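This report concerns only the one structure given below.
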Amino acid sequence: MGDGSVTSRLIISDFVISFMWVWSGALIKLFVNHVLGLAHQPSGEAINYALSVIVMFFFAFLGKITKGGGYNPLTIFSSAISGDFSQFLLTVGARIPAQVIGSIYGVRLIIETFPEVGRGPRLNVDIHRGALTEGVLTFIIVIISLGLARKIPGSFFRKTWISSISKLALHILGSDLTGGCMNPASVMGWAYARGDHITKEHILVYWLAPIEATLLAVWTFKLLVRPKKEEKKEKSEGKSD
């Protein structure tokens, strides 16, 4: 009963937070470009980035109060790889689909409400460069996230600040090439609205490359960083000596 309620809460949280995430990006764009009239201006870019960091803090807080709810399949997938098999099945079979569906419905409502918002991120380079770009960006952010969770597990503000600035910097680096998304669910929402969600480009660049990069990042981190239990064991042995 308890496990079932936790599972249901996570799935619903993933759906709602993913829905809200795609709306947050669209509302920031509308506010800066149409309300303030600062499209393609340095001041507009600065306001956009500042609001993006604030929004990432807000969603990190939502993840904390929902005890794990999220909007990015790669984040929960990296945790599921390190967890038990039941957690992996829940993530792949229920939580990621909930995030994708939440993003799809969020984008659909955005386009119906604000048609001027655009059609989301697009691939502006060839498929191989696009896959490499999303893969490298994902690898870096997953390594950073794993490192933050290990080194400063109790500091919400510091961890969120470093994570937000890192995500923003990587997004800027990849924005002209692939959109710098590092989030298959939100890209899927926009691609579904355009009708190109089952194309080879979308699947390879925005799904396979980030997933493979996430696997590689988790395995690399495990290879280079010793588990905490081993460190504690060595420290206790050193003290006893």
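For the pair LEU173 and ILE54 in one chain, pulling the backbone fully straight at 0.36 nm per residue adds 40.9 nm over the alpha carbon distance.
Would you look at the GNM of the chain, springs on alpha carbons closer than 10 Å, and say which of LYS29, LYS67, LYS151 moves the most? Residue with maximal mean-square fluctuation among LYS29, LYS67, LYS151: LYS151.
Quote the relative contact order of the stretch 1-126 in percent (integer), defining contacts as alpha-carbon pairs under 8 Å separated by 6+ residues. Walk me through the numbers on the way to the answer.
Working: 103 pairs, mean separation 52.5, N = 126.
Rounded, it is 42 percent for the stretch 1-126.
Across LYS159, LYS200, LYS167, mean-square fluctuation computed from a Gaussian network of the chain (C-alpha pairs under 10 Å connected) peaks at LYS200.
Give the ranking of GLU212, GLU134 by solvent-accessible surface, highest area first, calculated with a 1.4 Å probe.
The ranking, largest first, comes out as GLU212, GLU134.
Here the contact order of the chain, divided by its residue count and restricted to Cα pairs under 8 Å and six or more residues apart, works out to 26 percent.
In square angstrom, what is the accessible area per residue of the stretch 68-145 with a 1.4 angstrom probe? Don't skip to the answer; put the middle values down first.
Details: 3670 Å² over 78 residues.
The answer is 47 Å² per residue.
With respect to the chain, whose longest principal axis is taken over its alpha-carbon atoms, helix 96-113 is tilted by about 20°. Scaling the Cα radius of gyration of the stretch 3-228 by the globular reference 2.2 N^0.38 Å produces a ratio of 0.99.
Basic side chains Lys and Arg get +1 at the Cβ, acidic Asp and Glu get -1 at the Cβ, and with that the dipole of the stretch 3-228 about its Cα centre reaches some 760 debye.
Taking every protein chain into account, the 1.4 Å probe leaves ASP196 with about 40 Å² of accessible area, to the nearest ten. Residues ILE162, ILE65, ILE81, ordered by accessible area of protein heavy atoms at a 1.4 angstrom probe radius and largest first, appear as ILE65, ILE162, ILE81.
Principal-axis analysis of the Cα atoms of the chain puts helix 209-224 at an angle of about 20° to the longest axis. Considering only protein heavy atoms and a probe of 1.4 Å, how much of the accessible area of the chain is carbon and sulfur, as a whole percent? Carbon and sulfur: 66 percent of the exposed surface of the chain.
With all protein chains in place and ligands, DNA and RNA left out, the 1.4 Å accessible area ranks VAL117, VAL55 as VAL55, VAL117, largest first.
Shape class for the stretch 101-192, computed from the alpha carbon gyration tensor (a ≥ b ≥ c): oblate, with a/c not under 1.5 and a/b at or below b/c. Over 22 Å apart at the Cα level, from the set LYS29/LYS159; LYS29/LYS67; LYS159/LYS222; LYS67/LYS151, are LYS29/LYS159; LYS29/LYS67.
The values are calculated or read from the model by the stated rules, or taken from the named source; none is laboratory data. All of these numbers come straight from a predicted model, not from anything done at the bench. Quick reminder, even Gly has a Cβ in these numbers, built from the backbone with ideal geometry, and neighbours come from all protein chains shown. Keep in mind that these areas ignore ligands, DNA and RNA; they rest on the heavy atoms of the full protein, side chains included. Shrake-Rupley method; radii C 1.70, N 1.55, O 1.52, S 1.80 Å.
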